[in-house]
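Enquirer: Encoded as structure tokens, here's the structure I'll be asking about.
The values are calculated or read from the model by the stated rules, or taken from the named source; none is laboratory data. Fair warning: this is a prediction, and the values are worked out from it, not measured in the lab. In this analysis, Cβ positions are derived from the backbone assuming ideal geometry, glycine residues included, and neighbour counts consider all displayed protein chains.
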Amino acid sequence: MLPSVHLGEQDAVAIHAGLLRRYHNAREVLTRVRQFFGNPWDRVSAEMQSAFYGVQQSESARSMGNAEPLSGEEATELALLLLSKAHTGPEIQAVAYAWHGAIQQVAWAGMAVLDYESFRRVFACLASSCRIPGDSPLPS
């Protein structure tokens, strides 16, 4: 989550908390972010492992834990965590690493893909309107 540069910190938290309350799996996200705060690599690994094992469960069993939406306090906590510098910096690095790895490691069989340098330029344009920690959000 990248807040607009036009929003103050309190407004950004309030708006994002309201959005987060609408997500069916927000409770699971809150649990994972608490568990792996500032460490998106291990969080994504845990999510992938959970998804792999979740395929073996029925749809109703998987959705049961996500039925209750976040409370206002929980949504605010999650928004504060997701919008923090300690979370956002590593998340951006992880996205860049994953994008670069996907382009370099996967054979795309002639498909048109956005190479890493193009991705960096597009991201820089999008990020110019967002509050992002650090001067250069994506590694070269």
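Enquirer: Checking Val13 against (1) in a helix (DSSP H, G or I); (2) at pLDDT below 95; (3) among the aliphatic types (A, V, I, L, M), which single condition isn't satisfied?
Expert: Result: Val13 passes all but (2).
Enquirer: If I filter the stretch 106-116 for residues that are at pLDDT 80 or above and in a helix (DSSP H, G or I), do I get at least one hit?
Expert: Taking every residue of the stretch 106-116 in turn, at least one turns out to be at pLDDT 80 or above and in a helix (DSSP H, G or I).
Enquirer: Assuming Ala75 fulfils every condition listed in (1) out of contact with any Lys or Arg (no Cβ under 6 Å at 6 or more places or on another chain); (2) at pLDDT 85 or above apart from one, which condition is it?
Expert: That leaves (1) as the condition not met.
Enquirer: Let me ask something else. Assess whether Glu68 counts as being within 20 Å of Leu20 (Cβ to Cβ), of a type in the set (Asp, Glu) and modelled with pLDDT under 90.
Expert: yes
Enquirer: Looking at the structure I just gave you, is Tyr53 at pLDDT below 90, of a type in the set (Phe, Trp, Tyr) and either part of a helix (DSSP H, G or I) or farther than 18 Å from Ile132 by Cα (or both)?
Expert: Answer is yes for this residue.
Enquirer: Let me ask something additional. Which is farther than 29 Å from Gly8 by Cβ, modelled with pLDDT under 90 and either out of contact with any Lys or Arg (no Cβ under 8 Å at 6 or more places or on another chain) or not in a helix (DSSP H, G or I) (or both), of Ala124, Ala61?
Expert: Ala61
Enquirer: Condition check: outside any loop (DSSP other than H, G, I, E, B), at pLDDT 90 or above and hydrophobic (A, V, I, L, M, F, W, C). Does Leu82 satisfy that?
Expert: Yes.
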